[in-house]
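First comes the structure, then the notes that go with it.
The values are calculated or read from the model by the stated rules, or taken from the named source; none is laboratory data. As the structure is a prediction and not an experimental result, all values here were calculated from the model. As a convention, Cβ positions derive from the backbone with ideal geometry for all residues, glycine included, and neighbour counts pool all protein chains shown. Ligands, DNA and RNA are stripped out before the accessible areas are found, and what is left, the full protein with its side chains, is counted by its heavy atoms. Shrake-Rupley method; radii C 1.70, N 1.55, O 1.52, S 1.80 Å.
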Amino acid sequence: MADSIYVSRLVKRYGSFAAVKGISFRVKKGEIFGFLGPNGAGKTTTVHVLTTIINKTSGQAKVAGFDVSKDKEKVRSAIGIVFQDPSLDDRLTGYENLDFHAIIYGIGKDERKKRIADMLEMVELTDSAGKLVEKYSGGMRRRLEIARGLLNKPEVLFLDEPTIGLDAQTRRHILDYIKNLNKKYKLSIFITTHYIEEADYICNRIAIIDHGKIVACDTPQNLKQKLEGDAAIVKLESEESSNKLIAAMKLEKFVKSTRKDGLNLYVYVKEAESAIPKIMSIAYKAGIKVTSVEVHKPSLEDVFIYYTGRTIRDTEAESNERIRGIMRSRMR
Amino acid sequence: MNRNLAAIYVLWLRAMKRFKRSPSQIIGSVAMPFLFLIFLGAGFSAVKFPGLPPDFSYIDFLVPGILGMSMLFAATTAGISLLWDRQFGFLKEVMVAPVSRLSIMLGRTFGGITTAFLQSLLLIIFALFIGFHIVSIAGLFVSFGFMLLIGLVFISIGLILASVITDMQGFGLILNLLIFPIFFLSGAIYPVSALPSFIRYVTYFNPLTYGVDGMRGALLGVSVFPVWTDAVVLGVTALVMLALGAYSFSKAKAVA
Ligand SMILES: Nc1ncnc2c1ncn2[C@@H]1O[C@H](COP(=O)(O)OP(=O)(O)OP(=O)(O)O)[C@@H](O)[C@H]1O
Ligand SMILES: [Mg+2]
């Protein structure tokens, strides 16, 4: 079975500036693959190359089995896309935007009506379908674009920061819908995002991209495990017992490292749940009194910091600025 | 339905809907030719140009020129709308559609032509009120043909420029620099024969000259060249421009 997306040593240069510096990855059929990275990492550039919007500089890229440079039209008919930046005609109504899209994709009249009605329902725009898009709010426009991207039942769906600017409820609603489509039709999805929870929630695999390079690529679970692993946070009664327990832990093979934080002792292990009984029995044998134990699972946030040297919040502060920019241009 | 035909149809339909919904655009595009018609018509009605048959009024002479102007302006409208679509992102949506670039270009062209044609019809109706005579219905229809050809030529030019130039100001500047000489050196408001011979040669390289001359031949029965010559020259130019337009459009950027 061919990969839904196959990318090998892909390079995209704007003049002398390389926005994408030789990335390689594959997306299997039916997979939800996430691109997580800070501003300017090269996410949108990658999406634009894969969707034939811009030409690559070098390397190879195939979507749905077709070369993005040689078989543009075949790639185009196999994909659906939700762009990061606005792409609606705001002098048309919401319905017309969908209808025109469907006509161009060769969907017959009855089928068109049915699908549009379904999509409008999904994004909760049924009541506003007859309004001109210039009267839509930023979030309504985003939902309309998502509906449009799904209308032609693509084999591979590209979503470039699809939930940017949406409220939490709508975001969750749309993510669940996307997940559902993925399950039902084995739809392959390439999604870029700033939201770590979102990537964690929806993606089968994630690539972390920074400065045009993929710095890590794995399942969310594996990415997290590659870090320090889980921490068992053991709360002790005194400084002295803390030191005693550290000494005891150093002898144990299942312990990766320890870190003291006041009376809390962080014991880093592969998996905290199975380590806690062992820690408890060691402490008991050494006569150390434990007040409480807590499990800390590493988050994707930790992974992001580890690989990019920044918290997503640093990059989010900038991106919020940008969201407002986008919203302004959407409001126009 | 074939996807390419569907794309042409949709882009045409889109142009119609937008046209219908923006009365200001209609008024704005008709205003300039309309003012030219009124002011020139009033100002020159008493002036006798050499070479103009005695039994025609200046209005009769002027109307084909003004119709040419109105079709010429379609170049600006078509170009601006392409730049606009690129600026506000809709062009991306069109460019990822699984259809040929040619059909996208044709869809836009037909949309632009229809719009300009409807505006020109409005001008003809105005003209009837200020003394313009339609001599024959057949001639009127032939002149419609010329209007469409003029539209094809200049919309293609507008799309070529908008494919190459990506900023609005640059586009506006260059297009105005082109459009006004084209208009004044086409015989639209005075006979080409009134020009010094050196400039007259320049007018022979101007497609609008043949368009306006053809329309005069069809509407009034007087023309510098035989009407069929006008038709052939303009038709061939239209084909060449269309091909060039399709080529540059296929190279056009989808994002700003
Ligand atoms: N048309 C262009 N010309 C020149 N440089 C560009 C162009 N488009 C993007 N870039 C640059 O390429 C780099 C990658 O941009 P890209 O839009 O792919 O980032 P991104 O990961 O999508 O970021 P964001 O999260 O902000 O959307 C940036 O440094 C950007 O400035
Ligand atoms: Mg981006």
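Per-structure values
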| quantity | calculated |
| --- | --- |
| Options B:168, B:147; residue that is aliphatic (A, V, I, L, M), open to solvent by less than 10 Å² (accessible area, probe 1.4 Å) and touching a residue at least 24 places away in the same chain (Cβ under 8 Å) | B:147 |
| Members of segment B:107-126 that are hydrophobic (A, V, I, L, M, F, W, C) and surrounded by fewer than 22 Cβ atoms within 10 Å (Cβ to Cβ) | B:110, B:117, B:118, B:121, B:122, B:123, B:124, B:125, B:126 |
| Single condition residue A:13 does not satisfy, out of (1) more than 14 Å from chain B (Cβ to nearest Cβ); (2) within 16 Å of ligand 2 (Cβ to nearest atom) | (2) |
| Residues (open to solvent by less than 20 Å² (accessible area, probe 1.4 Å) and either of a type in the set (S, T, N, Q) or touching a Ser or Thr at 6+ places or on another chain (Cβ under 9 Å) (or both)) located in segment A:66-75 | A:68, A:75 |
| The lone exception for residue A:75 - which of (1) within 11 Å of chain B (Cβ to nearest Cβ); (2) away from ligand 1 (no atom under 16 Å from the Cβ); (3) aliphatic (A, V, I, L, M); (4) in contact with an Asp or Glu (Cβ under 7 Å, 6 or more places away or on another chain) it fails | (4) |
| Residue among B:193, B:156 that is among the hydroxyl-bearing types (Ser, Thr, Tyr), open to solvent by 50 Å² or more (accessible area, probe 1.4 Å) and in a helix (DSSP H, G or I) | B:193 |
| Members of segment A:50-65 found to be open to solvent by 50 Å² or more (accessible area, probe 1.4 Å) and assigned to a loop (DSSP other than H, G, I, E, B), listed by number | A:55, A:57 |
| Search result, residues across segment A:45-64 that are closer than 10 Å to residue A:20 by Cα and either free of Cβ contacts under 8 Å to residues at least 12 places away in the same chain or within 10 Å of ligand 2 (Cβ to nearest atom) (or both) | A:45, A:46 |
| Residues being more than 16 Å from residue B:150 (Cβ to Cβ) and not in a helix (DSSP H, G or I) - total across segment B:205-223 | 2 |
| Qualifying residue in segment B:33-54 (condition: over 22 Å from residue A:97 (Cβ atoms) and within 14 Å of chain A (Cβ to nearest Cβ)) | no |
| Which listed residue is among the aliphatic types (A, V, I, L, M), away from every other protein chain (no Cβ under 12 Å), away from ligand 1 (no atom under 16 Å from the Cβ) and outside any helix (DSSP H, G or I), from A:189, A:174, A:146, A:107 | A:189 |
| Options A:37, A:15: the member that is open to solvent by less than 20 Å² (accessible area, probe 1.4 Å) and within 12 Å of ligand 1 (Cβ to nearest atom) | A:37 |
